[in-house]
Amino acid sequence: MRLVLLGAPGSGKGTQGEKLVAHFGIPKISTGDALRAAVKAGTELGKKAKATMDAGGLVANEIVIGIVEERLGQADAQKGFILDGFPRNTAQAEVLDGMLKRLGQPGIDKAVHLHVTDEEIVKRLLDRAQKEGREDDKEDVIRKRIEVYNAETRPLLDYYSKQGKVVTVEGIGSLEDIFNRILAVTR
Ligand code: ADP
């Protein structure tokens, strides 16, 4: 099972991704988590990425592509994986397709689109800001991330539609219901 999770910030990719990990026994690769870990550890890569992340922009393609390439080459990713937060623009998607070929892996099976309205997104992220205190969960940065999503990431729906791989799931409801919807469309 090789899945890409698509959806706006706060659409639930991380949460549903974890449930998919438990269900399928394959790893989740989250570029956002990897970048936050690098920032926290104070690595060179983290230093390069921090300002962009705090402003809600996209980190340079080379950086995130490097992260994903390394992770996809590891043993536990050979049977399948769930990508959360990557690809985030068409260039990354094209690189991913090439990377899988080069690594001798089959292509992506499905791109699961978690659909949630902008209004609900803002509400969720502001709520998360209170609980987790993420630097980029401030209202102006949230608006910026939604803008970046619409401009850069939304076109991936077209990209994967052309490959016949997009499945859209309503991202509102109980976590269990949403998860079952995802399972129903990835079978
Ligand atoms: P969310 O989906 O909630 O916005 P993520 O945890 O996926 O959050 O990403 C947080 C930030 O990390 C992004 O706003 C961006 O700056 C950076 N980032 C994560 N993945 C990518 C990627 N594939 N390409 C570029 N930047 C990325």
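The values are calculated or read from the model by the stated rules, or taken from the named source; none is laboratory data. Computed from a prediction, not measured in an experiment: that's the story for all the values here. Cβ sites come from the backbone with ideal geometry, for glycine too, and all protein chains shown count toward neighbours. The accessibility values were calculated without ligands, DNA or RNA, using every heavy atom of the protein model including side chains. Shrake-Rupley method; radii C 1.70, N 1.55, O 1.52, S 1.80 Å.
In region 93-115, the qualifying residues are those that are at pLDDT 95 or above and more than 23 Å from F24 (Cβ to Cβ), and the one that is farthest from the chain's Cα centre (by Cα) is G98. Restricting attention to region 50-82 and to residues that are of a type in the set (K, R) and part of a helix (DSSP H, G or I), the residue that is nearest to M99 (Cα to Cα) turns out to be R71.
The residues of region 127-171 that are away from the ligand (no atom under 12 Å from the Cβ), surrounded by 15 or more Cβ atoms within 10 Å (Cβ to Cβ), within 19 Å of K19 (Cβ to Cβ) and not small (G, A, S), listed by number, are V167, T168, V169. Q105 falls short on exactly one of the conditions (1) part of a loop (DSSP other than H, G, I, E, B); (2) open to solvent by 60 Å² or more (accessible area, probe 1.4 Å), and that condition is (2).
With the structure loaded, tell me whether G80 is among the small types (G, A, S), crowded, with 18+ Cβ neighbours inside 10 Å and touching a residue at least 60 places away in the same chain (Cβ under 8 Å) or whether it fails that test. It is false that G80 is among the small types (G, A, S), crowded, with 18+ Cβ neighbours inside 10 Å and touching a residue at least 60 places away in the same chain (Cβ under 8 Å). Remark: E139 matches the filter, which requires a residue to be out of contact with any His (no Cβ under 6 Å at 6 or more places or on another chain) and free of Cβ contacts under 8 Å to residues at least 40 places away in the same chain.
Here is a check on your reading of the model: is T90 in contact with a helix residue (DSSP H, G or I) (Cβ under 9 Å, 6 or more places away or on another chain), at pLDDT 95 or above, polar (S, T, N, Q) and over 25 Å from I67 (Cβ atoms)? In short, no.
Checking each residue in region 6-35 for being free of Cβ contacts under 8 Å to residues at least 60 places away in the same chain and within 11 Å of the ligand (Cβ to nearest atom) picks out I29, S30, T31, G32, D33, A34, L35.
Within region 18-48, the set of residues being more than 17 Å from the chain's Cα centre (by Cα), outside any helix (DSSP H, G or I) and on the phi < 0 side of the Ramachandran plot comprises T43 only.
Matching residues to (1) in contact with a strand residue (DSSP E or B) (Cβ under 8 Å, 6 or more places away or on another chain); (2) open to solvent by 50 Å² or more (accessible area, probe 1.4 Å):
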site: G12; (1), (2): yes, no
site: G17; (1), (2): yes, no
site: H23; (1), (2): no, yes
site: I29; (1), (2): yes, no
site: M53; (1), (2): no, no
site: G66; (1), (2): no, no
site: Q74; (1), (2): no, yes
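Test L3 against the criterion of being out of contact with any helix residue (DSSP H, G or I) (no Cβ under 6 Å at 6 or more places or on another chain), surrounded by 18 or more Cβ atoms within 10 Å (Cβ to Cβ) and under 23 Å from K165 (Cα atoms), and give yes or no. Judged against the criteria, L3 is a match.
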